[in-house]
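First the structure, in the form of structure tokens, and then the observations on it.
What follows draws every value from the coordinates through simple rules; no lab data is involved. Keep in mind the model is a prediction, meaning the values are calculated, not measured. Counting neighbours? That spans all protein chains shown, and the Cβs are built from the backbone with ideal geometry, glycine included.
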Amino acid sequence: MGWGVTHLLLRAWRGQPGGQDIADAVAEFAADENSQVIAFSVLGARADFGLMALGPDVDALDRLTKRVLSGPADAVDSFFSLTELSEYTSTENDERARLEAEGAEDIDSTLSAFRERMAAYQEARLHPNLPDKRLIAFYPMSKTRTPGANWYELPFGERKAMMRGHATVGRKYAGRILQLITGSTGLDDWEWGVTLLADDPVAIKEIVYEMRFDPVSATYGEFGPFWVGLAMTIEQALSRVGLLEA
Ligand code: 76R
């Protein structure tokens, strides 16, 4: 089963006491071995700081959220989603067909390596271990249901073929961008949360720009607000907005 993911964008009540309690709430949440938090200072003025928290315990996520909001901060925006496996991931049968079409030799041992790689990959999607990167970008998105561009009316095979094209674009950014797509259909106002972790802001801009030309995004993508922040410790993020002594 997937984990819960909460993105919070916050406005600080500058100079007010109580920042330490926000820091303590984050530390207590993250003390659980599977629970992780990325704190960040928002670039721009639409929010001051933010948190991305994820873990197996949705109740713990809710307690963290409420405790942060009982401190000297207001929510500017929030997003709740779940980690999930994609329905479009290549299956062993897809891979076998691909290898056969290629005329590959020793298909069985190639497939056993594929199986292992996919198991590790799927585990990382459901139960991610977030790397330390300098930047975190987040935006929610949906697939369109407008007449003439209704993703949900397309046959599965067409959607899967288009998603393969999408993944091919995405893989060009291996090493520069770590993406985490979390599902929120029926849970929040958009269908997915897109979280991008990177050291270089240019990589974020480039991948989002390049994806715009890919049919999955060009024809069927609909986007919510974009947020980007500098990842740092919660203490650093709080002191930057006057909620903790530096
Ligand atoms: O199975 C897999 O996880 C790999 C193939 C893959 C899927 C199924 C994949 C690869 N993505 C998948 C699903 Mn993605 N992704 C986005 C965005 O801004 C935009 O235009 C779109 C936002 C980015 C930047 C991105 C990056 N992806 C999805 C889905 C769910 C669709 C559904 O279920 O209908 C969404 C909403 C989505 C959006 N994607 C990749 C990337 C990158 C970098 C990769 C390559 C990752 C890798 O192979 O390591």
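Please list log₁₀ I(q)/I(0) at q = 0.10 Å⁻¹ for region 93-181, using the Debye equation with identical point scatterers on the alpha-carbon positions. At q = 0.10 Å⁻¹ the computed log10 ratios are -0.42. Between region 98-146 and region 1-39, the C-alpha centres lie 29 angstrom from each other. Summing charges over all other residues whose Cβ lies under 9 Å from the Cβ of Val216, with Lys and Arg as +1 and Asp and Glu as -1, gives +1.
Specify the inter-centroid distance of region 183-246 and region 40-55, based on alpha-carbon positions, in whole Å. Spelled out, the Cα-based centre of one part sits 9 Å from the other.
Each residue, Arg14 and Asp59, gets one label point 7 Å from its Cα in the Cβ direction; the gap between the two is 4.0 nm. Working note: 222 nm ellipticity from helices only, DSSP H runs with n ≥ 4, each -39,500 (n - 2.57), summed and divided by the residues of the chain, gives -12000 deg cm²/dmol to the nearest 500.
Note down the magnitude of the dipole of the chain about its Cα centre, charges +1 on Lys and Arg C-beta and -1 on Asp and Glu C-beta and zero elsewhere, to the nearest 20 debye. Spell out each step's value before the answer.
Details: 24 positive and 37 negative charges, 167 e Å.
That gives a dipole near 800 debye.
Suppose a student asked you for the relative contact order of region 148-243, using Cα pairs under 8 Å spaced at least 6 residues apart; what percent would you report? All intermediate terms of the calculation are to be shown ahead of the outcome.
Values: 61 pairs, mean separation 25.5, N = 96.
Over region 148-243, the number comes to 27 percent.
Considering all different alpha carbon pairs of region 67-128, the Kirkwood hydrodynamic radius works out to 15.0 Å. When each of the peptides 73-81, 99-107, 23-31 is scored by the mean number of other C-beta atoms lying within 10 Å of its residues, the order from highest to lowest reads 73-81, 23-31, 99-107.
Model label points for Arg67 and Tyr121, set 7 angstrom from Cα along the Cα-to-Cβ axis, are 3.8 nm apart.
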